[in-house]
Amino acid sequence: MTPERILIIGYGFSGMAAAIELRKNGAEVYLVEIDPEWRNYGAGISLAGPTLRAFRQLGVLDAFLAHGNAHETVSLRPQSPPRYQQT
């Protein structure tokens, strides 16, 4: 049986997640991106719990954490002190 061939346009989180899951299910996946350098444009600077849980479900969380940093808290500050919110 020939695997299903699928084209995914855009390598953002959604495109990558779709490609991973489709490959796990035996599909032949083609992932294309308009930027030939596949650069990061600022997305993913801060990722919340739901994204990390999705990475765990996809089986890529450990690899992601090996190349990034995880923090227990985040402080949001205005241009000048004082700090106004901590989560």
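Figures for the structure shown
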{"quantity": "Segment S75-Y30, extension gain: residue separation times 0.36 nm, minus the distance between their alpha carbons", "calculated": "12.2 nm"}
{"quantity": "Nitroxide proxy distance, nm - points 7 Å out along Cα→Cβ at M1 and S14", "calculated": "2.9"}
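A short reminder: the numbers here are calculations on the coordinates, not readings from a lab. As the structure is a prediction and not an experimental result, all values here were calculated from the model. Methodologically, a virtual Cβ is constructed for each residue, glycine included, from the backbone with ideal geometry; neighbour enumeration extends over all protein chains shown.
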